[in-house]
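Working notes, structure below.
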Amino acid sequence: MLKNLDPLLNADVLYALRAMGHGDELVICDAHFPADSVARQTVLGKLLRIDAVPAARVLKAVLSVLPLDTFVDAPAWRMEVVGAPQSIPAAQQDAQRELDAAGGAIQFAPLERMAFYERAKRAYCVIASGEQRGYGCFILKKGVLITPDATAPGETR
C-alpha cells in the first residue's frame, strides 16, 4: 500500500496516468459505454477498470493525482443527453461536484454523443467505472504541474 494515494487507483490506472503527457486525454465511462471496443482504439489499446463505484467517485480518485490542462478553454467534457443537450443528469451533477471540489472554476463542456465516441477513440486510455446511471461519461485533458522552483522557458537561474 502507498501513502496518500486514493485506494481506487490500481497499478494499471496509475501507470497510465503517469505515462500520459500534457494534452493527452482520458475517458471515464459508465457501464453502458462501449468501453472495450473504444479502448482498443486508444493509445494504450486496452481497457482499464475501476469497477463497482460510480463515475463521480472514479473522477475524484483520478483528479487526486491528475492536473487538468489550464492552457485550453475546456479541459473536461461530458456526453450530451441525446435529444436534450442542455439536460444535466444525476451522474453528471455528481461529477461536476467532484470537479468543483478538485479546485478551479472548471465546468464540463458538452460534447454530442457521436462526437464523444470519436474523441474517446483518440484518447490515451479509457477507464470503465461501475456507474449504472446513464450519461456518466467524461473526458479529461491532462495538464502540467507547476512547481514554485520551476524555470520558465528561456529563463535561467
Report task. Just give me the residues in segment 131-157 being assigned to a loop (DSSP other than H, G, I, E, B), modelled with pLDDT of 95 or more and of a type outside the set (A, V, I, L, M, F, W, C), in sequence order. Result -> 131, 132, 133, 134, 135, 136, 143
Query raised in the report: Would you call residue 103 assigned to a loop (DSSP other than H, G, I, E, B), modelled with pLDDT under 95 and not hydrophobic (A, V, I, L, M, F, W, C)?
Result: yes
Requested in this report: Can you work out which of the residues in segment 12-53 that are in a helix (DSSP H, G or I) and among the acidic types (Asp, Glu) is nearest to residue 108 (Cα to Cα)?
Outcome: 36
Query raised in the report: How about segment 79-124: which of its residues are in contact with a helix residue (DSSP H, G or I) (Cβ under 7 Å, 6 or more places away or on another chain), within 26 Å of residue 46 (Cα to Cα) and surrounded by fewer than 17 Cβ atoms within 10 Å (Cβ to Cβ)?
Result: 121
Report task. For segment 107-130, enumerate the residues that are in contact (Cβ under 8 Å) with a residue 60 or more places away in the chain and part of a strand (DSSP E or B). Result -> 125, 126, 127, 128, 129
Query - Unmet requirement for residue 48, which otherwise passes all of (1) at pLDDT below 95; (2) touching a helix residue (DSSP H, G or I) at 6+ places or on another chain (Cβ under 6 Å) - result: (1)
Requested in this report: Answer yes or no as to whether residue 103 is without any contact (Cβ under 8 Å) to a residue 12 or more places away in the chain and within 24 Å of residue 6 (Cα to Cα).
Outcome: yes
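Here are some residues: 84, 35, 19. Which one is within 13 Å of residue 126 (Cβ to Cβ) and not polar (S, T, N, Q)?
Numbers: 84 fails: within 13 Å of residue 126 (Cβ to Cβ); 19 fails: within 13 Å of residue 126 (Cβ to Cβ).
Residue meeting the stated conditions: 35.
Limited to segment 54-78, what total is found for residues that are part of a loop (DSSP other than H, G, I, E, B) and out of contact with any helix residue (DSSP H, G or I) (no Cβ under 7 Å at 6 or more places or on another chain)? Step through it out loud before you land on a result.
Residues of segment 54-78 that are part of a loop (DSSP other than H, G, I, E, B), as a first pass: 54, 64-67, 69-75.
Narrowing further to those that are out of contact with any helix residue (DSSP H, G or I) (no Cβ under 7 Å at 6 or more places or on another chain): 64, 67, 69-75.
Matching residues across segment 54-78 total 9.
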Query raised in the report: Based on what the data block shows, is residue 2 among the hydrophobic types (A, V, I, L, M, F, W, C), out of contact with any helix residue (DSSP H, G or I) (no Cβ under 8 Å at 6 or more places or on another chain) and closer than 19 Å to residue 145 by Cβ?
Result: yes
Query raised in the report: Hey, any hits in segment 18-34 for a residue that's buried (at least 18 other Cβ atoms within 10 Å of the Cβ), among the small types (Gly, Ala, Ser) and either in contact (Cβ under 8 Å) with a residue 12 or more places away in the chain or under 16 Å from residue 63 (Cα atoms) (or both)?
Result: no
Report summary line: Expected single match for surrounded by fewer than 19 Cβ atoms within 10 Å (Cβ to Cβ), among the hydrophobic types (A, V, I, L, M, F, W, C), touching a residue at least 60 places away in the same chain (Cβ under 8 Å) and touching a strand residue (DSSP E or B) at 6+ places or on another chain (Cβ under 8 Å) among 13, 43, 62 is 43
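The values are calculated or read from the model by the stated rules, or taken from the named source; none is laboratory data. Just so we're clear, the structure is a prediction, and the values are computed from it rather than from any experiment. Note that each Cβ is placed from the backbone with ideal geometry, even for glycine, and that neighbours are counted across all protein chains shown.
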